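The values are calculated or read from the model by the stated rules, or taken from the named source; none is laboratory data. This structure is a prediction, so every number in the text was calculated from the model and none was measured. Cβ placement follows ideal geometry from the backbone for every residue including glycine, while neighbour counts extend to all protein chains displayed.
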Amino acid sequence: MFTGIVERKGRITRLEPSAGRVELEVELGADLAAEVRIGDSISLSGACLTVVAMRGGSARFQVVPESLRMTSLGARKPGGELNVERAMRADARLDGHIVQGHVDGVGTVREVRADGDDRMVRIDCARELAVQLVPKGSIAVEGVSLTAVAPDELGFWVALIPHTRAVTTLGALEPGQPVNLELDVLGKYVFRYLAQRDRPANS
């Protein structure tokens, strides 16, 4: 379980196919790596992965086919950056929202617009995801807890303050860029419950 509050940006040092999976190595920094253990769950740009090995300040992960299909991780390249968040502690404040690290799909940045010191970013996504969003509801974009603005059946907007742009990879977003999306888990349960309730009994 995560909060969508990114701890830092990590740099990809290795990304290689291996037996149907992708072997991924991410430089976390010596200070953070010292607190990470094999078996820990870490969110990398919104995707929950398990640490399988440590080497110096880097952690290694194995990205399975399902994760490659549902996320943009397979399209990343060595040298690229990922948002890093360790699993939340039970005794810590929940500053963002409940994030599972289970990516629901990949959206596409359509527009980046200046709004004073902030940036407004339009993200298009599949209709089956967009219809589950509510105005001012929570959504994780690349693992970052954000608020959906003016959602419609094609996508939504988010506002990025200077701090968010500085400490996450979202400051480098450009039109055409894919982004991992995770809908609010509570909203997903409500949406599914209502869909099942309204379904005809003989369907």
statement: Those residues of segment 140-172 which are among the small types (G, A, S) and either assigned by TED's automatic domain parsing to the domain that holds L49 or in contact with a Gly (Cβ under 7 Å, 6 or more places away or on another chain) (or both) amount to A140, G143, S145, A148, G155
task: Report yes if A126 is aliphatic (A, V, I, L, M), more than 13 Å from the chain's Cα centre (by Cα), under 19 Å from Q177 (Cβ atoms) and modelled with pLDDT under 95, otherwise no.
output: no
task: Kindly indicate whether any position in segment 95-105 is in contact (Cβ under 8 Å) with a residue 40 or more places away in the chain and farther than 30 Å from A159 by Cα.
output: no
statement: All conditions in (1) of a type outside the set (S, T, Y); (2) surrounded by fewer than 16 Cβ atoms within 10 Å (Cβ to Cβ); (3) part of a loop (DSSP other than H, G, I, E, B); (4) more than 17 Å from the chain's Cα centre (by Cα) are true of D95 except (4)
query: Looking at segment 98-117, is at least one residue part of a loop (DSSP other than H, G, I, E, B), at pLDDT 95 or above, under 14 Å from the mean Cα position of the chain (by Cα) and β-branched (V, I, T)?
result: yes
message: Scan segment 6-26 and tell me whether some residue there is assigned to a loop (DSSP other than H, G, I, E, B) and free of Cβ contacts under 8 Å to residues at least 24 places away in the same chain.
response: yes
field: Matching residues in segment 37-71 - criterion: being in a loop (DSSP other than H, G, I, E, B), out of contact with any Asp or Glu (no Cβ under 7 Å at 6 or more places or on another chain) and surrounded by fewer than 20 Cβ atoms within 10 Å (Cβ to Cβ)
entry: R37, I38, G39, D40, G56, V64
Unmet requirement for W157, which otherwise passes all of (1) free of Cβ contacts under 8 Å to residues at least 40 places away in the same chain; (2) under 27 Å from A75 (Cα atoms); (3) not in a strand (DSSP E or B): (3)
Failed item, numbered, when T147 is tested on (1) crowded, with 16+ Cβ neighbours inside 10 Å; (2) of a type in the set (V, I, T); (3) out of contact with any helix residue (DSSP H, G or I) (no Cβ under 8 Å at 6 or more places or on another chain): (1)
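On the basis of being of a type outside the set (D, E, K, R), modelled with pLDDT under 95 and not assigned by TED's automatic domain parsing to the domain that holds G137, does S18 make the cut?
Numbers: of a type outside the set (D, E, K, R): yes; modelled with pLDDT under 95: yes; not assigned by TED's automatic domain parsing to the domain that holds G137: yes.
Considered against the rule, which asks whether it is of a type outside the set (D, E, K, R), modelled with pLDDT under 95 and not assigned by TED's automatic domain parsing to the domain that holds G137, S18 comes out as yes.
Answer yes or no as to whether V190 is over 21 Å from L44 (Cβ atoms) and without any contact (Cβ under 8 Å) to a residue 40 or more places away in the chain.
Working: over 21 Å from L44 (Cβ atoms): yes; without any contact (Cβ under 8 Å) to a residue 40 or more places away in the chain: yes.
So V190 fits the description; yes.
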